[in-house]
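For reference, the structure is listed below as structure tokens.
Quick note: the coordinates plus some simple rules give every number you see, no bench work behind them. Model, not experiment: these values are computed from the prediction. Cβ placement follows ideal geometry from the backbone for every residue including glycine, while neighbour counts extend to all protein chains displayed.
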Amino acid sequence: MELTPLTVLVGSEEPWLRDQLRRDLELAGSHRVADACGYDEVIDLALELRPDVCLIDVDTGGGRGIVAASVITRVLDCTSCVLLTETLSVGEVLECLRVGAAGCLPKSLEPGRLSAALCAVAAGESAFPRRELREALGFLVPQIA
């Protein structure tokens with residue numbers, strides 16, 4: 001039985017990053033990848049293609065990658081969003097959680113780990129580094145209690 005390829009939309013204004021991510025994911029063998037270069041294009045293509053996962057650079061659209069993820073997660077039940085960031089922080093993890101993103105990962109993540117994380121997200125899991133998630137939850141729990 002052959003597995004259906006995972007569809008991924010990569011959104012970044014950086015051509016080198018889009019190219020690198022597309023190559024890495026296609027080499028993993030189980031991904032079909034499309035890419036978008038701007039904030040509006042990410043949203044438009046997500047609505048048109050309905051990918052399994054949108055992998056969005058936080059800096060897309062002058063830092064509006066999180067807003068794009070928010071729009072996509074509200075409108076498309078079938079699509080999960082994972083945000084990429086240069087320097088992963090607790091604040092970014094909290095923002096990603098707030099908008100319903102399924103993950104937030106560093107841009108420097110190894111290709112094999114990125115592919116595995118996206119497959120996990122498509123299967124309903126989340127993709128947040130443990131340490132940053134633990135710190136974010138440590139911040140949230142006292143706020144709730």
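Before moving on, here are some points about what is shown:
- Relative intensity, log₁₀ I(q)/I(0), of region 1-57 from a Debye sum that treats every alpha carbon as a point, q = 0.20 Å⁻¹: -0.66
- Residues whose placed amide H lies under 5 Å from that of LEU6, excluding near-sequence neighbours: HIS31, ARG32
- Shape of region 51-117, Cα gyration tensor, a/c cut at 1.5: oblate
- Per-residue HN-Hα couplings for region 59-67 [Karplus 6.51, -1.76, 1.60; θ = phi - 60°; Hz; x = Gly/Pro]: 7, 4, x, x, x, 9, x, 5, 5
- Peptides 69-80, 95-106 ordered by average Cβ neighbours within 10 Å, highest first: 95-106, 69-80
- The simple spin-label model puts a point 7 Å past each Cα toward its Cβ; for ARG131 and ASP44 those points are separated by 4.0 nm.
- Backbone HN-Hα couplings from phi across region 9-24 [Karplus 6.51/-1.76/1.60, Hz, Gly and Pro as x]: 9, 9, x, 7, 7, 8, x, 4, 5, 4, 4, 4, 5, 4, 4, 4
- For SER80, residues with placed amide H under 5 Å, excluding near neighbours: VAL53, CYS54
- Whether region 7-109 is rounded, prolate or oblate, judged on the alpha carbon gyration tensor where a/c under 1.5 counts as rounded: rounded
- Under 5 Å, built H, 5+ apart or other chain: amide partners of ALA127: GLY103, CYS104
- The ranking of VAL121, VAL8 from fewest to most other beta carbons within 10 Å of each one's beta carbon is VAL121, VAL8.
- Using a Förster distance of 30 Å, the FRET efficiency for ASP19-ARG113 (Cβ separation, nearest 0.05): 0.95
- Per-residue HN-Hα couplings for region 33-44 [Karplus 6.51, -1.76, 1.60; θ = phi - 60°; Hz; x = Gly/Pro]: 10, 10, 9, 9, 9, x, 3, 5, 5, 4, 5, 4
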